[in-house]
Amino acid sequence: MTRPDAADPPAFGAPHRTGSTHELEEGAALVLQDEASIRARIDDLARRISDDFKNRDPVLVCLLRGGFIFLTDLSRALSISHELDFLQLSRYDPREKDRTGVKILVDLRSNVKGRDVLVVEGIRTRGTKINYVDRFLELHQPASRTYAALVAHGTGPDHPIPLHYCGFYIDNEFVVGMGLDYRERYRNLPFIAAIQWEIPM
């Protein structure tokens, strides 16, 4: 195996500190939260959730696809008994541009009626998708619905769906890493980084 030269740039998965830049194929991304800070924050959230849900055996429902890495790390850090499930909804049919239409791509496998449900999101934004998720879950008659997101922006107190646990609040930036993607890439980055180039609409 050839040993990399010391002058070479860091490998794709190499550690990056908060405030440093990481080069992606399209341009630079600014690291907002590095691995150590993310791990510490998830551990903190896990302690709070474990205290709040003690002896309640909640069902953690992951919103695919952005929440799967957060779910994995959060689940391993919890000290309480819990179950895992997955849900994926599309906001509208891109061919018809009908933003009122919602399609269930991955449905729940658990019976959550009368159970405490903790929804795990990768990112919470101003969008209405989470409203549809909440209505969908309400039809299943859980005992409670609680929400946790690794990253959030544009979610003030006037948001119709409260966010009970949040890892990091950010400005209106397009972020990748820890399950969050740009055109289905960069979900595997172990840090959260803000794209520094203009995103085409």
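The values are calculated or read from the model by the stated rules, or taken from the named source; none is laboratory data. Computed from a predicted model, the values in this text were never measured in an experiment. Glycine also receives a Cβ, built like all others from the backbone with ideal geometry; neighbour counts cover every protein chain displayed.
Side notes on the structure shown:
- Pairs where the first residue, in the stretch 37-60, is farther than 14 Å from L118 by Cβ and the second is surrounded by 13 or more Cβ atoms within 10 Å (Cβ to Cβ) and of a type in the set (F, W, Y), C-beta under 7 Å, 6+ apart: I38/F191; R41/F168
- Residues within the stretch 160-176 that are without any contact (Cβ under 8 Å) to a residue 24 or more places away in the chain and either surrounded by 15 or more Cβ atoms within 10 Å (Cβ to Cβ) or in a loop (DSSP other than H, G, I, E, B) (or both), tallied: 4
- Being assigned to a helix (DSSP H, G or I) and either hydroxyl-bearing (S, T, Y) or farther than 28 Å from R56 by Cβ (or both) is a property that holds for Y132.
- Residues in the stretch 151-174 that are under 11 Å from the mean Cα position of the chain (by Cα) and β-branched (V, I, T): V151 alone.
- The residue that is modelled with the lowest pLDDT, counting only those in the stretch 92-118 that are in contact with a Lys or Arg (Cβ under 7 Å, 6 or more places away or on another chain) and surrounded by 14 or more Cβ atoms within 10 Å (Cβ to Cβ), is Y92.
- Taking each residue of the stretch 132-146 that is more than 12 Å from G114 (Cα to Cα) and looking for partners that are modelled with pLDDT under 95 and exposed (fewer than 12 other Cβ atoms within 10 Å of the Cβ) with beta-carbon atoms closer than 9 Å, six or more apart or interchain, yields D134/P160; T146/P162.
- For the stretch 180-188, the criterion of being at pLDDT 95 or above, buried (at least 18 other Cβ atoms within 10 Å of the Cβ), in a loop (DSSP other than H, G, I, E, B) and in contact with a Phe, Trp or Tyr (Cβ under 6 Å, 6 or more places away or on another chain) is met by none of the residues.
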